[in-house]
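Below: the structure, in C-alpha coordinates.
The values are calculated or read from the model by the stated rules, or taken from the named source; none is laboratory data. As the structure is a prediction and not an experimental result, all values here were calculated from the model. Positions of Cβ are generated from backbone atoms using ideal geometry, with glycine treated the same way; all protein chains shown enter the neighbour counts. Note: accessible area is taken over every heavy atom of the protein model, side chains too, but ligands, DNA and RNA are not part of it. Shrake-Rupley method; radii C 1.70, N 1.55, O 1.52, S 1.80 Å.
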Amino acid sequence: GGTQWGAFQNCPKLKTVTFKKGALDAVIGGYTFKGCTSLESISIPGNYTTIGEYAFNNCSNMRTMEWEQSSSSYANQIIGRNAFYGCTNLASISLPTTLKSIECEAFVACNALTNVVIPEGVTYIGYSAFRDCAMLTSVSLPSTLTEIRGGTQWGAFQNCPKLKTVT
(Lines give C-alpha, C1' and ligand atoms only; values in the text may rest on other atoms or scores of the structure.)
Protein backbone atom coordinates (compact mmCIF):
# COMPACT_ATOMS: atom_id res chain seq x y z
CA GLY A 1 0.00 0.00 0.00
CA GLY A 2 0.93 3.64 -0.31
CA THR A 3 1.48 6.11 2.47
CA GLN A 4 -2.26 6.57 2.93
CA TRP A 5 -3.99 4.07 0.67
CA GLY A 6 -3.88 0.31 0.81
CA ALA A 7 -4.64 -2.20 -1.90
CA PHE A 8 -7.89 -3.38 -0.28
CA GLN A 9 -8.54 -0.45 2.04
CA ASN A 10 -12.19 0.21 2.94
CA CYS A 11 -13.64 -2.91 1.30
CA PRO A 12 -16.45 -3.43 3.82
CA LYS A 13 -17.71 -6.72 2.35
CA LEU A 14 -14.30 -8.44 2.21
CA LYS A 15 -14.74 -11.34 4.64
CA THR A 16 -11.98 -13.85 3.84
CA VAL A 17 -8.31 -13.39 2.95
CA THR A 18 -6.00 -16.36 2.38
CA PHE A 19 -2.25 -15.84 2.41
CA LYS A 20 -0.27 -18.61 0.73
CA LYS A 21 3.25 -19.33 1.85
CA GLY A 22 5.75 -18.10 -0.72
CA ALA A 23 8.96 -16.13 -0.99
CA LEU A 24 10.90 -15.15 2.09
CA ASP A 25 10.64 -11.56 3.27
CA ALA A 26 7.07 -10.99 2.09
CA VAL A 27 5.36 -7.91 3.51
CA ILE A 28 1.77 -6.91 4.21
CA GLY A 29 2.06 -3.27 3.26
CA GLY A 30 0.78 -0.28 5.15
CA TYR A 31 -2.98 0.33 5.04
CA THR A 32 -3.56 -2.87 3.00
CA PHE A 33 -6.78 -3.97 4.75
CA LYS A 34 -7.58 -0.85 6.77
CA GLY A 35 -11.32 -0.53 7.32
CA CYS A 36 -12.24 -3.99 6.02
CA THR A 37 -14.98 -4.28 8.60
CA SER A 38 -16.21 -7.76 7.57
CA LEU A 39 -12.82 -9.46 7.83
CA GLU A 40 -13.17 -12.01 10.65
CA SER A 41 -9.83 -13.79 10.98
CA ILE A 42 -6.36 -13.72 9.53
CA SER A 43 -3.62 -16.36 9.35
CA ILE A 44 -0.25 -15.14 8.16
CA PRO A 45 2.50 -17.53 7.00
CA GLY A 46 5.96 -17.30 8.52
CA ASN A 47 7.59 -16.01 5.35
CA TYR A 48 6.00 -12.61 6.03
CA THR A 49 8.47 -10.37 7.87
CA THR A 50 6.34 -7.28 8.32
CA ILE A 51 2.76 -6.36 9.05
CA GLY A 52 2.83 -2.75 7.92
CA GLU A 53 1.45 0.32 9.63
CA TYR A 54 -2.34 0.52 9.71
CA ALA A 55 -2.46 -2.81 7.80
CA PHE A 56 -5.59 -4.07 9.62
CA ASN A 57 -6.60 -0.82 11.30
CA ASN A 58 -10.32 -0.67 12.16
CA CYS A 59 -11.08 -4.22 11.04
CA SER A 60 -13.75 -4.16 13.70
CA ASN A 61 -15.07 -7.71 13.16
CA MET A 62 -11.71 -9.45 13.20
CA ARG A 63 -11.75 -12.02 16.00
CA THR A 64 -8.49 -13.96 15.56
CA MET A 65 -5.02 -13.27 14.23
CA GLU A 66 -2.35 -15.94 13.92
CA TRP A 67 1.16 -15.34 12.62
CA GLU A 68 3.28 -18.42 11.98
CA GLN A 69 6.88 -18.86 12.99
CA SER A 70 9.46 -17.94 10.36
CA SER A 71 11.70 -20.74 9.09
CA SER A 72 14.48 -18.23 8.46
CA SER A 73 17.35 -18.12 10.94
CA TYR A 74 17.70 -14.34 10.42
CA ALA A 75 14.01 -13.52 10.84
CA ASN A 76 13.22 -10.14 12.33
CA GLN A 77 9.43 -9.92 12.16
CA ILE A 78 7.75 -6.61 12.98
CA ILE A 79 4.19 -5.48 13.68
CA GLY A 80 3.96 -1.89 12.45
CA ARG A 81 2.41 1.04 14.22
CA ASN A 82 -1.37 1.15 14.40
CA ALA A 83 -1.53 -2.24 12.59
CA PHE A 84 -4.51 -3.58 14.58
CA TYR A 85 -5.71 -0.31 16.14
CA GLY A 86 -9.49 -0.40 16.55
CA CYS A 87 -9.93 -4.15 15.99
CA THR A 88 -12.51 -4.04 18.75
CA ASN A 89 -13.55 -7.72 18.51
CA LEU A 90 -10.03 -9.16 18.28
CA ALA A 91 -10.08 -11.76 21.06
CA SER A 92 -7.14 -13.98 20.17
CA ILE A 93 -3.64 -13.24 18.87
CA SER A 94 -0.95 -15.85 18.31
CA LEU A 95 2.51 -14.40 17.75
CA PRO A 96 5.71 -16.16 16.61
CA THR A 97 8.99 -16.31 18.54
CA THR A 98 10.65 -14.83 15.46
CA LEU A 99 8.75 -11.59 16.15
CA LYS A 100 11.15 -8.89 17.37
CA SER A 101 9.13 -5.68 17.58
CA ILE A 102 5.59 -4.52 18.32
CA GLU A 103 5.48 -0.88 17.28
CA CYS A 104 3.54 1.98 18.86
CA GLU A 105 -0.25 1.83 19.01
CA ALA A 106 -0.28 -1.61 17.35
CA PHE A 107 -3.25 -3.01 19.35
CA VAL A 108 -5.01 0.08 20.74
CA ALA A 109 -8.68 -0.47 21.64
CA CYS A 110 -8.64 -4.21 20.98
CA ASN A 111 -11.39 -4.51 23.54
CA ALA A 112 -11.99 -8.26 23.26
CA LEU A 113 -8.40 -9.22 24.16
CA THR A 114 -8.31 -10.73 27.64
CA ASN A 115 -4.91 -12.46 27.66
CA VAL A 116 -1.78 -11.49 25.74
CA VAL A 117 1.36 -13.61 25.55
CA ILE A 118 4.30 -11.74 24.06
CA PRO A 119 6.63 -14.53 22.90
CA GLU A 120 10.28 -15.02 23.72
CA GLY A 121 12.28 -13.21 21.06
CA VAL A 122 10.41 -9.90 21.24
CA THR A 123 12.79 -7.12 22.31
CA TYR A 124 10.66 -3.99 21.87
CA ILE A 125 7.10 -2.88 22.65
CA GLY A 126 6.24 0.66 21.54
CA TYR A 127 4.28 3.30 23.40
CA SER A 128 0.51 2.79 23.53
CA ALA A 129 0.93 -0.70 22.03
CA PHE A 130 -1.98 -2.11 24.06
CA ARG A 131 -3.56 1.13 25.29
CA ASP A 132 -7.31 1.15 25.95
CA CYS A 133 -7.74 -2.65 25.84
CA ALA A 134 -10.79 -2.62 28.10
CA MET A 135 -10.98 -6.38 28.82
CA LEU A 136 -7.26 -7.20 29.10
CA THR A 137 -6.69 -9.06 32.39
CA SER A 138 -3.24 -10.64 31.96
CA VAL A 139 -0.02 -10.05 30.04
CA SER A 140 3.01 -12.30 29.81
CA LEU A 141 6.24 -10.56 28.83
CA PRO A 142 9.35 -12.37 27.50
CA SER A 143 12.82 -12.43 29.07
CA THR A 144 14.19 -11.07 25.76
CA LEU A 145 12.36 -7.74 26.20
CA THR A 146 14.79 -4.81 26.40
CA GLU A 147 12.38 -1.88 26.12
CA ILE A 148 8.75 -1.07 26.81
CA ARG A 149 8.53 2.41 25.41
CA GLY A 150 6.60 5.14 27.13
CA GLY A 151 5.40 8.19 25.23
CA THR A 152 5.02 11.74 26.45
CA GLN A 153 1.36 10.99 27.11
CA TRP A 154 0.79 7.25 26.74
CA GLY A 155 2.18 4.09 28.29
CA ALA A 156 2.25 0.74 26.52
CA PHE A 157 -0.56 -0.70 28.67
CA GLN A 158 -2.25 2.53 29.75
CA ASN A 159 -6.01 2.56 30.37
CA CYS A 160 -6.39 -1.20 30.75
CA PRO A 161 -8.70 -1.09 33.79
CA LYS A 162 -9.04 -4.88 34.22
CA LEU A 163 -5.34 -5.70 33.97
CA LYS A 164 -4.52 -7.75 37.07
CA THR A 165 -1.45 -9.85 36.19
CA VAL A 166 1.78 -9.01 34.40
CA THR A 167 4.38 -11.75 34.28
Only one of 126, 121, 29, 35 is over 21 Å from residue 155 (Cα atoms), touching a Lys or Arg at 6+ places or on another chain (Cβ under 9 Å) and open to solvent by less than 40 Å² (accessible area, probe 1.4 Å), namely 121
Take the residues in segment 56-79 that are closer than 18 Å to residue 108 by Cβ and surrounded by 21 or more Cβ atoms within 10 Å (Cβ to Cβ); name whichever of them is nearest to the chain's Cα centre (by Cα). 79
Within segment 130-142, does at least one residue satisfy the condition of being without any contact (Cβ under 8 Å) to a residue 60 or more places away in the chain, under 24 Å from residue 19 (Cβ atoms) and surrounded by 16 or more Cβ atoms within 10 Å (Cβ to Cβ)? no
What residue, of 89, 10, 82, is free of Cβ contacts under 8 Å to residues at least 60 places away in the same chain, surrounded by fewer than 17 Cβ atoms within 10 Å (Cβ to Cβ) and closer than 26 Å to residue 160 by Cβ? 89
